[in-house]
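Have a look at the structure below before the remarks.
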Amino acid sequence: MAEEEQDYDLDDGQRLSLLERTVSLNRKVVILLLVVAVCGLSVLSTVGIVSLFSDDVEYATKAEVELIRGENAVLKMQVAAYEESLGQYQDILGNSDAAAFKTLILNQEQSYQQHLTALKQGMRDLAKMLPGSRTWLEMYDEKMDLALAQSAARVQELAAIQSPEPPAPEVISEPKSLVKPLLKSKSQVQAPQEKKSN
């Protein structure tokens, strides 16, 4: 009862200050409630918008996960097999190098030219020993010259092929003594025969 009497005993200035404090406290509480309400509404609206635009997510079952793991293991084995076969194919391709093949053929042509040159020299030596051999020597000489020219043309064609360049073998040319005709006229060939008959 004494407190009630104190409340009634307040003068107007004290009542006014008490009222202002109460209004100030109420204003702060209302502002705080408004801020909380605005935050709550923004959170709810964001969740609503996100849920509208998001797809429904389906989660995998254990059986599906195991199936995917099995497929993954099979694919890993296939990749390993492909990598192994790729290594084998690379070895095969490395062994069939175009430059090595080109070098082999060029060396073969060089050997062919050496053989023809030696054969041609042997025919000339034989023609010197046999009387009347000029006609067959000229005939075979032309064929040998043609074969040597064709071989030289093949070497030039091989040299023109684009590949990593190995050292090109030299083209064998005839010795200068073979280029000059060694045949004598018929009278010079028959002269030794007449000497023998005398």
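Since every read-out is calculated from the coordinates, none of them should be taken as a lab result. Keep in mind that what you see is a predicted model, and the values were worked out from it rather than measured. Here Cβ is always computed from backbone atoms with ideal geometry, including for glycine, and neighbour counts include all displayed protein chains.
A simple packing score, the average count of other Cβ atoms within 10 Å per residue, orders the peptides 98-111, 13-26, 42-55 as 98-111, 13-26, 42-55, with the highest score first. Taking 0.36 nm per residue of sequence separation and removing the Cα-Cα distance, the residue 18/residue 83 pair yields an extension gain of 14.5 nm.
Rounded to the nearest 0.05, the FRET efficiency derived from the C-beta distance between residue 53 and residue 73 at R0 = 35 Å is 0.40. Which distance in Å, rounded to a whole number, links the C-alpha centroids of the range 30-89 and the range 118-164? Using only Cα atoms, the two centres lie 80 Å from each other.
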